[in-house]
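Chemist: Pasting a structure here, questions to come.
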Amino acid sequence: MPDTLTPVLTDNWGDDRAWTLASYAARGGYSALDKAFAMDPDAIIAAVKDSGLRGRGGAGFPTGMKWGFIPQDNPKPKYLVVNADESEPGTCKDIPLMMASPHTLVEGVIISSYAIRANKAFIYIRGEVLHVIRRVQNAVREAYDAGHLGKNIHGSGYDLDVVVHAGAGAYICGEETALLEGLEGRRGQPRLRPPFPAVAGLYASPTVINNVESIASVPSIIGNGASWFSSMGTEKSKGYGIFSLSGHVKKPGQYEAPLGITLRTLIDLAGGMREGHELKFWTPGGSSTPILTAEHLDVPLDFEGVGAAGSMLGTRALQIFDDTTCVVRAVLRWTEFYKHESCGKCTPCREGTWWLVQTLAALEKGQGSEADLDLLLDQCDNILGRSFCALADGAVSPISSSIQYFRDEYVAHLTHGGCPFDHTASTLFAAEGANA
Amino acid sequence: MAIDDKTKSELREIAARYPEARSGLLPMLHLVQSVEGRVTSEGIELCAEILGITAAEVSGVATFYTMYKRRPVGDYHVGVCTNTLCAVMGGDAIFERLKGHLDVGNDETTEDGKITLEHVECNAACDYAPVVMVNWEFMDNQTPESATQLVDDLRAGKEVQSTRGPKICTWREAERVLAGFPDGRADDGPAAGPASLVGLEIAREQGWTAPEANNA
């Protein structure tokens, strides 16, 4: 039985100048690379498959299987694209990873590119994180200077170039085909699939797109072995992952643990809820995953467990809200976000998110009648599963799940003629009276 | 203002990083903003010319992404996260306070040209909520008071340090880094802020580790 917390990716974050090559190399960094070069690329794909690593960007697709879909008989160049567009509300793991230890990502990029036989890789980082972009740019430059990138890496005969690409503000570019559009210099609107990126991705060439944490996990899998990785986690959700706690807990932050840990354990580690308050609702994996409540404290946080509880593991972005928080206000704000970020390509999402905001905003102000809740659910019905990509599915998640668990609170807005909550009470500075 | 030859050659340099030149468009527009203070018509036409596409195609891209601004941006772009978690934790109160204090609305610039205020979406720092970004550097765990002090310091030209990064540079300087031209400040600031390390610290105290590697 592994320990409660298992720092792997976060293990060096407290080191002096952890972001530098010198610091990373001092604790064995880039040694997995030589091990990888001694292996056949297919053996690396097999090891990642055997490890059970599933995509850490939210969807949980098996990473090794994704790599195996690359048609190696296709004469076009192969590309690796790292999705570092971390923007899902609540998600805050890839950004600190790239800030503290960008070389973990770069080493993962090299091994992964070698496995899929790509000679060019791109790291697409959202533009709104300047210092993270500096750190990754710097790590790539250091890796070139040390001979970890460029021609004939470590004398292996393998060549790889890496481009660090800054985005420009668009949540939708976290969707992998929209990201490719952005990387091709276009408006970030999702593409129709098939063809899938593995067959026709960047420049219509075979392309693997993986999340930062997925790629950063690869050096540890190659370095320590697939069975080491799969000795952590649960039956179908192997390995460790970073769990990001935010909101009304005493010690919000990053907790790296085997998949399957519960929120009860995590809240305990985080020192409990804010003094004098109780857990009301939480997201298991970002705002696109249906909210859960205190009755779900013992749900194993793995893909299957959270799925069985009616939500999704997503990005393990645990946003914790206590009893001072108005769920209607929270959901309205998320809905406004989805409306703002809808790319406009397809009608159910472009028009639907607009209507959701209209209906919800009125309810939040206490206008309308209880029948509007059914109208809202009807609107959700007409959006879920009918849109081009998953953005709109995400948009309806907080609405339908909050009505499921907190219908009375919506009704209370109507009977109260507006929001019955004191929003000041839920702020960080409420206790200090800083906003009085 | 005419875009000079150095900038033109840097725009071409960006395009040359990619197997297909058009991939350079997003960083090229960042460079245009660093030189022009916004995306100008001249910048759009220049990008179009270099990439061999139409100005309409470049405009279509420039209007899609929220970081591209068509109106002049102040020296300091102050972004207050008002997505749900930060809003609940105090982001709404911070944004209201700053609007009143600076006497500007959303996406507006103070008369002295120093501060552009905008509410922003989730910036991936939820464990530091409520979060304010200045020129896309993190200012963690803000209150209405600290945020007011922050903008006062910026307007007064005082040195302001990101809570997890370097001294705040100007918006134009930041845009140049985003275009892929490093400013040599990567080594400033800590590896991680306090919230990033809480789990690691508990693991150290408890002696918890990942299992030993089980292969040779």
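Values quoted throughout were computed directly from the atomic coordinates according to the rules given, and no laboratory measurement underlies them. From a predicted model like this one, the values you see are computed outputs, not experimental measurements. Virtual Cβ from ideal backbone geometry, glycine too; neighbours counted across all protein chains shown.
Chemist: For chain B, what is the calculated [θ] at 222 nm in deg cm²/dmol (nearest 500), taking -39500 (n - 2.57) for each run of four or more DSSP H residues and dividing by its residue count?
Modeler: Dividing the helical sum by the residues of chain B leaves -11000 deg cm²/dmol.
Chemist: Something else: What is the ratio of the Cα radius of gyration of the stretch B:86-151 to 2.2 N^0.38 Å, with N the residue count, to two decimals? Kindly include the intermediate steps, with their values, before the conclusion.
Modeler: Details: Rg = 11.1 Å, N = 66, 2.2 N^0.38 = 10.8 Å.
Normalised Rg, Cα atoms only: 1.02.
Chemist: Excluding residues on the same chain fewer than 8 positions from A:Lys35, give the lysines whose Cα lies under 19 Å from its Cα.
Modeler: A:Lys49, A:Lys151
Chemist: Hey, quick one: spin label on B:Gln206, modelled 7 Å out along Cα-Cβ, who in the stretch A:296-327 has an amide N within reach, i.e. under 15 Å?
Modeler: Only A:301 fall inside the zone, counting backbone N under 15 Å.
Chemist: Note down the Stokes-Einstein diffusion coefficient of the stretch B:144-213 in µm²/s, whole number, using a Kirkwood radius over alpha carbon pairs, 20 °C, and 1.002 mPa s.
Modeler: 140
Chemist: By a straight-distance test (C-alpha under 15 Å), which aspartates and glutamates pair with B:Lys158 as possible cross-link partners, with residues fewer than eight away in the same chain excluded?
Modeler: B:Asp75
Chemist: Over all directions, the average projected area of the alpha-carbon convex hull for the stretch A:65-222 comes to how many nm²?
Modeler: On the way: hull surface 36.3 nm².
Result: a mean projected hull area of 9.1 nm².
Chemist: Taking a label point 7 Å from the Cα of A:Glu370 along the Cα→Cβ vector, which residues of the stretch A:389-418 have an amide N closer than 20 Å to it?
Modeler: A:400-418
Chemist: Run through all the Cα pairs of the stretch B:32-115 and give the fraction in each 10 Å bin from 0, expressed as whole percent.
Modeler: The percentages, shortest bin first, are 16, 36, 27, 16, 4.
Chemist: Determine the shape class of the stretch B:5-62: with a ≥ b ≥ c the square roots of the Cα gyration tensor eigenvalues, call it rounded for a/c under 1.5, and otherwise prolate if a/b is greater than b/c, oblate otherwise.
Modeler: Working: a/c = 1.59, a/b = 1.10, b/c = 1.44.
Oblate, since a/c reaches 1.5 and b/c is not below a/b.
Chemist: How far is helix A:327-341 tilted, in degrees, relative to the longest principal axis of the Cα atoms in chain A, given as a value from 0 to 90 rounded to the nearest 10?
Modeler: 50
Chemist: On to the next question. Which order, highest average first, do B:81-92, A:138-149 follow once you tally other Cβ atoms within 10 Å for each residue and take the mean per peptide?
Modeler: With the highest mean Cβ count within 10 Å placed first, the list reads B:81-92, A:138-149.
Chemist: For A:Asp422 and B:Asn106, FRET efficiency with R0 = 35 Å and r from the beta-carbon atoms, rounded to 0.05?
Modeler: Given R0 = 35 Å and the Cβ-Cβ separation, E is 0.90.
Chemist: On to the next question. Would you work out which of A:Tyr240, A:Val164, A:Thr104 lies farthest towards the positive end of the dipole of chain A, given +1 charges on the beta-carbon of Lys and Arg and -1 on that of Asp and Glu, about the Cα centre?
Modeler: Highest projection toward the positive end goes to A:Val164.
Chemist: Here's another thing I want to ask about it. If you bin every alpha carbon distance in the protein assembly as shown into 10 Å steps from zero, what whole percent lands in each bin?
Modeler: The distribution over the protein assembly as shown is 3, 16, 28, 29, 18, 6, 1, 0, given as percents.
Chemist: Taking amide H positions as placed 1.01 Å from N in the peptide plane, with prolines and chain starts having none, which residues 5 or more places from A:Val163, or on another chain, fall under 5 Å of its amide H?
Modeler: Excluding prolines and chain starts, which carry no amide H, the hits are A:Ala121, A:Phe122, A:Ile123.
Chemist: Additional query: For the stretch B:60-203, what does the equivalent ellipsoid look like in terms of its semi-axes, each the square root of 5 times an eigenvalue of the Cα gyration tensor, given largest first in whole Å?
Modeler: Semi-axis lengths for the stretch B:60-203 are 23, 19, 16 Å.
Chemist: Output the pairs from A:Lys76/A:Lys339; A:Lys238/A:Lys339; A:Lys120/A:Lys345; A:Lys120/B:Lys114; A:Lys251/B:Lys99 with a Cα-Cα distance over 32 Å in this structure; if there are none, say none.
Modeler: Beyond 32 Å between Cα atoms: A:Lys76/A:Lys339; A:Lys238/A:Lys339; A:Lys120/B:Lys114.
Chemist: Separate question: Over the whole of A:351-362, what's the average partner chain Cβ count within 10 Å per residue? Rounded to a whole number, please.
Modeler: 0
Chemist: Using every pair of alpha-carbon atoms in the stretch A:298-376, split the distances into 10 Å bins beginning at 0 and state the percent of pairs per bin, rounded to integers.
Modeler: 16, 32, 39, 14
Chemist: Reported to two decimal places, what Rg/Rh ratio describes the stretch A:327-424 when computed on Cα atoms with Rh from the Kirkwood expression? Let's see the in-between values first.
Modeler: On the way: Rg = 12.9 Å, Rh = 13.3 Å.
Using Cα coordinates only, the ratio equals 0.97.
Chemist: Right, here's the next one. With 18 Å as the cut-off, how large is the P(r) tail for the stretch A:224-337, expressed as percent of Cα-Cα pairs?
Modeler: Across the stretch A:224-337, Cα pairs with separations above 18 Å total 48 percent.
Chemist: What is the magnitude of the charge dipole of the stretch A:21-230 about its Cα centre, with +1 placed on the Cβ of each Lys and Arg, -1 on the Cβ of each Asp and Glu, and no other charges, expressed in debye to the nearest 20?
Modeler: Values: 20 positive and 20 negative charges, 30 e Å.
Here the size comes out at about 140 debye.
Chemist: According to the square roots a ≥ b ≥ c of the eigenvalues of the Cα gyration tensor, what is the shape class of the stretch A:1-149, taking rounded for a/c under 1.5, prolate for a/b larger than b/c otherwise, and oblate for the remainder?
Modeler: In terms of gyration-tensor shape, rounded.
Chemist: If you don't mind, another one. Can you tell me, using C-alpha contacts under 8 Å and at least 6 residues apart, the relative contact order of the stretch B:5-62 as a whole percent?
Modeler: 28
Chemist: Leaving out same-chain residues fewer than 8 places away, which aspartates and glutamates sit with a Cα under 20 Å from that of A:Lys250?
Modeler: The reachable aspartates and glutamates, counting only those whose Cα sits under 20 Å from A:Lys250, are A:Asp268, A:Glu275, A:Glu278, A:Asp298, A:Asp322, A:Asp323, A:Glu432, B:Asp127, B:Asp140, B:Glu201, B:Glu205.
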